[in-house]
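Remarks on the structure that follows.
Throughout, read-outs are computed from the coordinates displayed, never taken from laboratory work. Source: prediction; values computed, not measured. As a convention, Cβ positions derive from the backbone with ideal geometry for all residues, glycine included, and neighbour counts pool all protein chains shown.
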Amino acid sequence: METVFIIVLSLMALGLLLGFLRFVKGPTAADRAVALDTMSVIATAALVLLGLMFKRYIYIDVALIYAVLGFIGVIVIARFIEKAL
Amino acid sequence: MITYVVIFSILAVLLVASALYAVIQKDLLAAVISTGVVSLILSVFFYLMQAPDVALTEAAIGIALTTIIFVITIRNTSRNEDETVDNNLEKF
């Protein structure tokens, strides 16, 4: 079971790294906003997995709050790019 | 244990890189998004250090409140950093 956690965490770290690459390279602000959203989703999944790994199920609440609030932040940035804020 | 060291190292490098990027970036909207990335990685850091309440507060303040306030500020002022400097120089 420990091996599965290690493999999945490594893949998530790789995904975070690739999202960060897009964030640094992205020519427009929209690319960066989408990269932030991608990284936020990957981090949420990683938080759930770590809560499962530590066997503390109260930790999953953090991922819940993070999913809701990350959505709000990305929506605000998108509305600003759309010039509709 | 080695897994923790590797994950902490990757996260620390990403944290410092995105913080530097927020400082040197001239497009202020990109700098705000970069601040969001800093907050995200910092929240995962707090979580890994077994402090979920601090991670919860960091997530709430960092990605929602700070982003919204900064985006409203950019809308009311200027998006490009150089323009802001020029405006200030003309004003004073």
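Annotation for region A:1-37 versus region A:39-80: alpha-carbon center distance of 14 Å.
Helices in the protein assembly as shown, meaning DSSP H runs of at least 4 residues, each add -39500 (n - 2.57). Divided by all residues, the mean residue ellipticity at 222 nm is -28000 deg cm²/dmol.
Peptide B:55-62 has a mean of 5 when you count, residue by residue, the C-beta atoms of other protein chains within 10 Å of its C-beta. Between 0 and 90 degrees, the angle of helix B:81-91 with respect to the longest Cα principal axis of chain B falls at about 40 degrees. For region B:1-49, the fraction of alpha-carbon pairs lying more than 12 Å apart is 62 percent, rounded to a whole number.
Assuming a ≥ b ≥ c are the square roots of the Cα gyration tensor eigenvalues, decide whether chain A counts as rounded (a/c under 1.5), prolate (otherwise, with a/b larger than b/c) or oblate.
oblate
Counting Cβ atoms of other protein chains within 10 Å of each Cβ in B:17-28 and taking the mean gives 1.
Could you work out, residue by residue across A:55-62, how many beta carbons of other chains sit within 10 Å of that residue's beta carbon, and then give the average as an integer? Average neighbour count from other chains, rounded to a whole number: 3. Within the shell of other residues whose beta carbon sits under 15 angstrom from the beta carbon of A:V24, the net charge comes to +2, with Lys and Arg scored +1 and Asp and Glu -1.
In degrees between 0 and 90, to the nearest 10, how far off the longest principal axis of chain B does helix B:67-76 point, with axes built from Cα atoms? With both axes taken from Cα atoms, the answer is about 10 degrees.
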